[in-house]
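I am attaching a structure below and will ask some questions about it afterwards.
The values are calculated or read from the model by the stated rules, or taken from the named source; none is laboratory data. Keep in mind the model is a prediction, meaning the values are calculated, not measured. Please note: Cβ atoms are built from the backbone with ideal geometry, for glycine as well, and neighbour counts cover all protein chains shown.
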Amino acid sequence: MVNIPPMVPHSFQNLDDEVAELVVIFPTNVWEYDVLDYFPFSTPRAKALVDSVKAAK
């Protein structure tokens with residue numbers, strides 16, 4: 001279980017070959033979001049983390 005506080009930028013990336021299933025619960029049916037103007041997984045640090053996770057499999 002992951003709790004993401006309101007207004008915290010976040011995203012998801014599936015690092016497995018199987019389909020990921022997410023169950024999302026919002027406190028109300030009224031919610032807003034902003035689309036990030038960058039791809040968070042394109043940084044060198046993020047790419048290195050992905051590579052290390054895949055290498056550990």
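What do you reckon, is Phe26 at pLDDT below 85 and either exposed (fewer than 10 other Cβ atoms within 10 Å of the Cβ) or in contact with a strand residue (DSSP E or B) (Cβ under 8 Å, 6 or more places away or on another chain) (or both)?
Yes; evaluated as a whole, the condition is true for this residue.
Next question. Quick check on segment 37-51: of everything there that is under 17 Å from Val8 (Cβ atoms) and not in a helix (DSSP H, G or I), which residue is farthest from the chain's Cα centre (by Cα)?
Within segment 37-51, the match that is farthest from the chain's Cα centre (by Cα) is Asp37.
Could I ask something else about it? Would you tally the residues in segment 11-42 being within 21 Å of Lys54 (Cβ to Cβ) and not acidic (Asp, Glu)?
Total meeting the criteria: 12.
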